[in-house]
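The structure appears below as structure tokens.
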Amino acid sequence: MKIFENEDLESFQDRDSGAVFADIEFRNCYFRSCIVSVTKDPALRSYVKNVTLRQCSQRGCAIYSGIFENVVVDGLKTNTQLVQVWGAVFKHVVLRGNIDRLMISPNVDVKGERPAVQVAFDQANSEYYRHVDWALDISEGAFKDLWIQGVPAHLIRRNPESQVVVTREKAMAGEWRELSLHEQIWSLALRRFLEGKDDAVVLVAPKRHRKFRRYVEDLRTLQQAGVAEPD
């Protein structure tokens, strides 16, 4: 295991490498303008395995279509920025501790200019998840903001008190539109979910938001109305 501690890591650019990054631990490191696994070819995606980040921070970084296995992120400061993950797949990846703002998307062809590229990754990712027992564990994460698309909801380990599942069938039925919820965040989230292709979505109440308790109350309302799964 190679350990980096209190390091500033800047402008790491991983493109079309098909590289393997394994057996590394980062402790209290700062990443600036780094990108991992930028490629339009599933055969050239990078492989990140047995990697741990502990209490790290970032600015201007992004993660693209890599394969991540046996990875732990234990605390991550994003410096008010949203860290975006595009087209990656996960197996046994744990997100825990205080993590700021994170978005996971299945999109690789973000601008819609190369639909064949998106189809290739969609097919590769679907096949990958056929052989995964669980993908993400977010149950011990204290997030400011977390949005997950493209990862099958049944492969996400979660805390049922503040992280609930809504299926496409229930969302399309539209009963949530008639509920008196405290916050608009869930209506926006469900509309966004319906614009995508996933069969189900995990709604995550951001534990470090000042309105966390109200968000959780809304999740209970969704469950009591039969919109969210009862767990």
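Angle of helix 212-224 to the longest C-alpha principal axis of the chain, folded into 0 to 90 degrees and rounded to 10: 60°. Size descriptors for segment 17-81, from the alpha-carbon set: Rg then Dmax equal 12.1, 34 Å. For segment 109-167, the set of GluC sites (Glu not before Pro) satisfying both a DSSP loop assignment and a count of at most 11 other C-beta atoms within 10 Å is given as 113. Here the calculated FRET efficiency for residue 231 and residue 98, from their Cβ-Cβ distance with R0 = 22 Å, stands at 0.35, rounded to the nearest 0.05.
Within the chain, DSSP assigns beta bridges of which about 10% are antiparallel (rounded to the nearest 5). Amide H to amide H, with H built 1.01 Å from N, residue 65 comes under 5 Å of 39, counting only residues 5 or more places away or on other chains. Qualifying chymotrypsin sites (Phe, Trp or Tyr not before Pro) in segment 1-87, where qualification requires a DSSP coil assignment and no more than 16 other C-beta atoms within 10 Å, comprise 12. When every Cα-Cα distance of segment 137-205 is counted in 10 angstrom steps from zero, the calculated P(r) takes the values 19, 55, 25, 0 percent. Surface analysis of segment 131-231 yields an accessible area of 53 Å² per residue, using protein heavy atoms and a 1.4 Å probe. For segment 1-100, DSSP calls about 0 percent of its internal beta bridges antiparallel. Dipole orientation for the chain: of the candidates 86, 67, 42, 86 has the Cα lying most toward the positive pole (charges on Cβ; Lys, Arg +1; Asp, Glu -1). Here's how it looks for residue 200: its modeled amide H is under 5 Å from those of 153, 168, which are all 5 or more places away or on a different chain. Please determine, in degrees from 0 to 90 and to the nearest 10, the orientation of helix 115-129 with respect to the longest principal axis defined by the Cα atoms of the chain, where the helix direction is its Cα long axis. Helix 115-129 and the main axis of the chain meet at about 80 degrees.
As a calculated quantity, the FRET efficiency between residue 132 and residue 2 at R0 = 30 Å, using C-beta atoms, amounts to about 0.70.
For the peptides 37-43, 114-120, residues were scored by their other Cβ atoms within 10 Å and the scores averaged per peptide; the highest-first order is 37-43, 114-120. Restricting the calculation to Cα atoms, segment 68-146 shows an Rg/Rh of 1.02 when the hydrodynamic-style radius is the Kirkwood one.
Among the protein heavy atoms of segment 1-144, carbon and sulfur supply 48% of the accessible surface, probe 1.4 Å, non-protein parts ignored.
The 3J(HN,Hα) values that the Karplus relation (6.51, -1.76, 1.60; θ = phi - 60°) gives for segment 39-55 are, in residue order, 6, 9, 10, x, 6, 10, 6, 7, 10, 10, 9, 6, 10, 10, 10, 10, 6 Hz. Gly and Pro appear as x. Only helices enter the 222 nm calculation for the chain: every DSSP H run of n ≥ 4 contributes -39,500 (n - 2.57), and dividing by all residues gives -6000 deg cm²/dmol, rounded to 500.
Shown in residue order for segment 74-87 are the 3J(HN,Hα) couplings computed by the Karplus curve 6.51 cos²θ - 1.76 cosθ + 1.60 at θ = phi - 60°: 10, x, 8, 8, 9, 6, 6, 7, 8, 7, 10, 10, 10, x Hz (x for Gly and Pro).
Accessible surface calculations at 1.4 Å, restricted to protein heavy atoms, place segment 1-92 at 49 Å² per residue. Amide H to amide H, with H built 1.01 Å from N, residue 79 comes under 5 Å of 58, counting only residues 5 or more places away or on other chains.
One quarter of the convex hull surface built on the alpha carbon atoms of the chain amounts to 12.3 nm², the projected area averaged over directions. Relative to the longest principal axis of the Cα atoms of the chain, helix 185-195 runs at roughly 70 degrees. For the pair segment 1-32 / segment 80-145, the C-alpha centres are spaced 19 Å from each other.
The values are calculated or read from the model by the stated rules, or taken from the named source; none is laboratory data. All values reported here derive from a predicted model rather than from experimental measurement. Virtual Cβ from ideal backbone geometry, glycine too; neighbours counted across all protein chains shown. Surface accessibility is based on the protein's heavy atoms, side chains included, excluding ligands, DNA and RNA. Shrake-Rupley method; radii C 1.70, N 1.55, O 1.52, S 1.80 Å.
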